[in-house]
Amino acid sequence: MGLRIFSLFALWILQFAAAQPRTEPLEVDAINKIIDHWNLRSKLNLNVDPCTQNATWAPETANPRIACDCSDTVCHITHLKIYALDISGEIPQELFLLTELMDLNLNQNILNGSIPPAIGQLSKMEYLALGINNFTGRVPAELGNLTKMLSLSFSSNNFQGSLPPELGNLTSLQQLYIDSSGVSGPIPQELSTLKSLQTLWASANGFTGKIPEFLGTFSNLKVLRIEGTNLEGPIPNSFGALTKLEDLRIGDIGPSDSSLDFLENLKSLSILSLRNCGIGGQIPERLSTLPNLQILDLSFNKLTGKIPDSFKNFPSLQYLYLGSNNLNGDLPSGVITPKLTALDVSFNSLTGNVPLDRKDILINVVGTSINNVNLNNEKASGLLHCLQGNTKCRTKNPTTSFSVNSGGPEQVSADGINFDDDSEMLGAASLYTSSNNKWAISSSGIFISNPNGPRYIAQTDSQITNTLDSELYKTARISPNSLRYYGLGFENGVYQIELHFAEIQMDVSVSWKGLGRRLFDVYIQGERVLQDFNILNEAGGSKRALMKTFEANVTNTVMDIHLMWAGKGTCCIPMQSTYGPLISAVHVSQVSEFNSSSGSDRKHVARNLGIGFGCVGGLLIIGSVMYLWWIKKEPGHMKIQNESPRKGEWS
């Protein structure tokens with residue numbers, strides 16, 4: 001009897017085992033070799049069949065993850081995720097034996113080498129994520145074989161060459177992330193077939209030629225980003241058909257003559273950033289009819305005329321950037337709505353008042369004649385009235401130097417220089433003047449993807465190498481767009497400018513977190529002195545001090561040091577919104593005096609401001625600085641923070 005029961009039990013076990021589908025042996029061998037190739041055995045020890053039901057590596061939340069389709073008599077691996085585990089080396093050929101893969105996620109690792117052409121064998125692929133790695137070579141044309149693809153990402157890599165035209169075969173593609181990938185050249189016309197696209201991130205690449213008209217035929221687009229490329233305008237009028245757009249960011253395009261007419265029917269927009277796009281003409285009244293718009297950035301363009309009165313009717317606008325244009329007239333009284341968090345109208349010919357009771361709003365009005373402004377709930381000096389277009393900003397006791405510990409407390413350096421405290425908390429549109437009236441700082445921009453994250457000051461507890469002044473570099477000012485230091489009341493002459501840098505947000509560790517690239521430009525007296533400046537590369541590592549030294553003339557008692565993000569670099573390494581200019585300290589001192597007549601002053605300033613050196617600089621200088629310094633205005637100076645200059649100090 002016992003033997004009979006044992007036999008029945010054994011038979012049941014055999015029948016149960018036979019009923020359990022087993023993984024294709026070729027795939028079992030391949031996945032084990034992949035695991036060993038990437039040294040993942042400690043995290044994924046496959047001592048049973050990889051498609052075992054209820055395995056710990058099967059749930060969507062598992063990482064690493066292997067999931068299978070067992071609907072047939074043999075199981076096939078369909079999902080493989082190895083995410084942010086710092087696997088290194090090249091892609092092993094065994095990966096391409098998993099021909100049933102539908103979802104492959106290798107994001108945020110340090111994989112290198114080229115993408116093998118064999119990638120084209122994975123014809124059932126729907127989701128392919130290769131972003132934030134160290135891949136090089138060309139983007140393989142064989143990706144065009146994966147015609148079932150819904151989402152493709154190879155952002156933040158080091159590819160070379162142009163996009164393969166074969167990507168146009170991916171007509172089902174809904175998401176394409178290729179920002180900061182290293183690709184260059186014209187965007188292939190063959191990509192005009194990607195009519196299903198809903199999301200396209202293409203910023204920070206070396207694209208050339210015109211912004212493609214065919215993008216305006218992608219009627220399903222909800223997100224479009226093409227900032228920091230070499231593309232030229234104008235922005236195609238065909239974009240007016242993209243009525244599903246919720247997030248549109250175009251910036252830093254080459255010479256163009258764009259307008260805002262195409263925006264009329266884009267009612268779904270919540271984010272609109274068209275910074276430095278050569279946009280001229282007046283701001284359309286109908287812009288305020290966009291019901292969902294929360295962020296509007298039209299700064300560094302050629303806009304003229306008045307800010308429309310209709311802007312007081314924006315139902316949801318929270319951040320408004322109109323700085324560095326040619327706008328004039330009064331600031332409409334109703335533009336500062338209860339929902340508005342930040343307003344930048346700097347470097348325009350605007351006049352008028354801001355309600356004194358609105359201390360909760362961040363406002364940057366440097367370069368305007370707007371009065372009664374509360375900035376950061378602190379009273380700023382009336383010192384900056386000299387930036388209102390007066391021909392001179394004179395003091396009885398002009399200064400010849402200023403020093404600032406950016407983002408940090410007062411600090412005396414090893415060679416005895418006293419760096420002023422610069423720890424005032426700035427924000428999305430801020431202007432602050434120092435207590436000694438020697439310098440001022442303005443910051444403009446919002447970290448759109450993480451508005452509540454970075455606080456415009458970076459800091460570290462780590463020691464900074466390559467310097468005797470480690471404490472000076474442990475804090476830094478950061479900005480998503482534009483950061484400016486002004487030296488005020490300077491004696492005319494030749495000055496030496498020392499700019500101190502240390503990258504304290506990005507690292508060079510052997511990890512995906514060390515793959516970030518911060519690129520920005522630096523202008524001194526309007527002349528670009530650094531382009532695509534990368535602190536990590538120049539300093540030879542992170543948390544390592546670097547000083548850049550320049551000379552410039554002061555002929556109007558004002559020193560202008562401008563750090564500006566031009567849409568390049570990476571956006572999200574090691575965390576969201578890690579980009580934009582960063583500076584640790586500033587020291588400016590006079591080298592020599594000179595005397596010149598007012599006529600030669602003007603000529604000299606024009607030459608040193610670099611008029612006509614490009615879209616950014618040209619617009620900035622002609623539209624702003626020349627207005628500020630040379631055009632004589634009617635009497636009446638701006639009273640920043642409602643406080644007048646000290647009697648007898650300024651004239």
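Applying 0.36 nm per residue to the separation of N32 and K312 and subtracting their alpha-carbon distance, the gain on full extension is 94.5 nm. For segment 316-324, the Karplus equation 6.51 cos²θ - 1.76 cosθ + 1.60, evaluated at θ = phi - 60°, returns couplings of 9, 5, 10, 10, 10, 10, 10, x, 6 Hz by residue, with Gly and Pro reported as x. 3J(HN,Hα) along segment 434-440, derived from phi through the Karplus expression 6.51 cos²θ - 1.76 cosθ + 1.60 where θ = phi - 60°, amounts to 6, 5, 8, 6, 8, 8, 9 Hz, with x in place of Gly and Pro.
Near the amide H of G113, within less than 5 Å, lie the amide hydrogens of T136, all on another chain or at least 5 residues away, with H placed in the peptide plane.
Close amide H partners of L530, meaning residues 5 or more places away or on another chain with modelled amide H under 5 Å apart, are V522. Using the Cβ-Cβ distance between S259 and V48 with R0 = 60 Å, the FRET efficiency computed as 1/(1 + (r/R0)^6) comes to roughly 0.40. Treating r as the C-beta distance of K210 and N328 and R0 as 30 Å, the FRET efficiency rounds to 0.45.
Looking at this model, which pairs from K195/K312; K81/K124; K474/K548; K474/K568; K43/K222; K438/K543 are more than 27 angstrom apart at the alpha-carbon? Before the final figure, lay out each step's value.
Working: K195/K312 37 Å; K81/K124 16 Å; K474/K548 18 Å; K474/K568 25 Å; K43/K222 38 Å; K438/K543 29 Å.
Too far apart for the 27 Å limit: K195/K312; K43/K222; K438/K543.
What percent do you get for the relative contact order of segment 399-597 when only Cα pairs under 8 Å and 6+ apart count? Working shown, then result.
Values: 531 pairs, mean separation 56.1, N = 199.
For segment 399-597, the relative contact order is 28 percent.
For the residues L26, L143, what sequence is obtained by ranking on other C-beta atoms within 10 Å, fewest first?
Numbers: L26 12, L143 24.
With the fewest neighbours first, L26, L143 line up as L26, L143.
Under 5 Å between amide hydrogens, built in the peptide plane, is the criterion, and for T208 it picks out G185, I187 among residues at least 5 positions away or on other chains.
Spacing of the modelled spin labels on T73 and N450, each 7 Å from Cα toward Cβ, amounts to 5.3 nm.
Using the Karplus relation 6.51 cos²θ - 1.76 cosθ + 1.60 with θ = phi - 60°, the per-residue 3J(HN,Hα) values for segment 264-276 come to 3, 9, 8, 6, 8, 4, 10, 10, 9, 10, 10, 7, 6 Hz, with x marking Gly and Pro.
Taking other C-beta atoms within 10 Å as the exposure proxy, V554, V412 rank V412, V554 from fewest upward.
In plain terms, the residue of L111, L221 with the fewest other Cβ atoms within 10 Å comes first and the most crowded comes last, giving L111, L221.
Values in this text are rule-based calculations from the coordinates and carry no lab data. Because the structure is a prediction, the values reported are computed rather than measured. Every residue, glycine among them, receives a Cβ derived from its backbone with ideal geometry; neighbour counts consider all protein chains shown.
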